[in-house]
Amino acid sequence: MNYIFLGMPGSGKGTQVELLVKKLNIPMISTGNLFRKNIKNETKLGLKVKDILEKGDLVPDKVTFEMMSAEIKNMDISQGLILDGYPRSLRQAELLKDILNIDIILNIELSEDQVLLRIGGRRTCKCGETYHLKFNPPQKEGVCDKCGQELYIRDDAQEETIKNRIKVYKEQTEPLIKYYGDKVINIDGNPSIPEVTEEIFRKLGISD
Ligand SMILES: [Zn+2]
C-alpha cells in the first residue's frame with residue numbers, strides 16, 4: 001500500500017507521518033529530506049535546487065518530480081511507501097500517477113481558526129526555547145523562563161504568513177481531495193496527537 005498525507009500547516013501531519021512509518025515499518029520520502037539529501041550529495045538536480053532555493057524561488061514541479069522519481073526507483077517499496085509533502089498540487093499528482101499508484105490518502109482536517117491558533121500562538125526566544133501562548137506559555141508573559149530574554153514571533157508564525165500559507169494550500173493542494181475521491185480517508189485533526197494517531201490506525205485497520 002502506498003500512502004500520502006494531506007493537511008494544512010499546523011495539522012500535525014509530520015508527526016503522524018513519522019508514527020505511521022514506525023508502525024508499518026515501510027520507507028518514507030519527504031520532499032524536504034529529498035532536497036537536503038540531493039544538495040548534500042551534490043547531485044545534478046541537487047545543485048539546481050540549491051540555486052533555486054538560494055534565490056528564494058519555488059522548486060518547479062518537474063525538478064521535484066525528477067528527484068522523487070529517481071529516489072523511488074532506488075528504493076525497495078515492495079512493502080509500500082509513505083510520501084510526506086508530495087504531491088502538493090494537481091499537476092504533481094498527475095506526474096506521480098505514471099510512476100506510483102497511490103492507494104490511500106490520509107487527510108487531516110483542521111479549521112482555519114485552529115491553524116491560526118496553533119501556529120500563530122508560537123513564541124520563540126533567541127536562546128532557542130520555544131513557547132505557545134495557549135499550550136505552553138512562559139511563566140511571565142513575553143519573557144523566556146530559561147534566560148529572561150524577550151520572546152518574539154518568528155516570520156512563519158506571523159498572521160499574514162499563516163493566512164498566505166492557508167490560501168496557497170486551499171488553492172493548490174485542497175483540490176487533491178476531490179481528485180483522489182474515495183481513496184481519501186478523513187481524519188479529525190483537532191484532538192491530541194495520540195488521539196489522532198488512534199483514529200488513523202483504527203481507520204486503516206491496524207491494531208495497536
Ligand atoms: Zn531564552
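Remarks
- Scanning segment 86-104 for residues being under 24 Å from residue 15 (Cβ atoms) and free of Cβ contacts under 8 Å to residues at least 60 places away in the same chain gives a total of 2.
- Residue 86, sole failed condition from (1) buried (at least 17 other Cβ atoms within 10 Å of the Cβ); (2) at pLDDT 95 or above: (2)
- Taking the conditions (1) more than 16 Å from the ligand (Cβ to nearest atom); (2) of a type in the set (A, V, I, L, M, F, W, C); (3) exposed (fewer than 13 other Cβ atoms within 10 Å of the Cβ) in turn, residue 147 satisfies each one other than (1).
- Subset of segment 150-186 [out of contact with any strand residue (DSSP E or B) (no Cβ under 8 Å at 6 or more places or on another chain) and within 16 Å of the ligand (Cβ to nearest atom)]: none
- Residue match in segment 110-123 (condition: within 16 Å of the ligand (Cβ to nearest atom) and surrounded by 18 or more Cβ atoms within 10 Å (Cβ to Cβ)): yes
- Matching residues in segment 28-44 - criterion: being within 24 Å of residue 172 (Cα to Cα) and either polar (S, T, N, Q) or more than 17 Å from the chain's Cα centre (by Cα) (or both): 30, 31, 33
- Residue 127 crowded, with 17+ Cβ neighbours inside 10 Å, over 24 Å from the mean Cα position of the chain (by Cα) and in contact (Cβ under 8 Å) with a residue 12 or more places away in the chain: no
- Residues of segment 133-181 that turn out to be of a type in the set (Val, Ile, Thr), under 25 Å from the mean Cα position of the chain (by Cα) and over 17 Å from residue 113 (Cβ atoms), as a count: 4
- Long-range neighbours under 9 Å by Cβ, at least six apart or interchain, first residue among the polar types (S, T, N, Q) within segment 142-164, second more than 16 Å from the ligand (Cβ to nearest atom): 158/120; 161/119; 161/155
The values are calculated or read from the model by the stated rules, or taken from the named source; none is laboratory data. Predicted, not measured: the structure shown is a model, and the values here were computed from it. Reconstructed Cβ throughout: ideal geometry from the backbone, glycine too, with neighbour counts over all protein chains shown.
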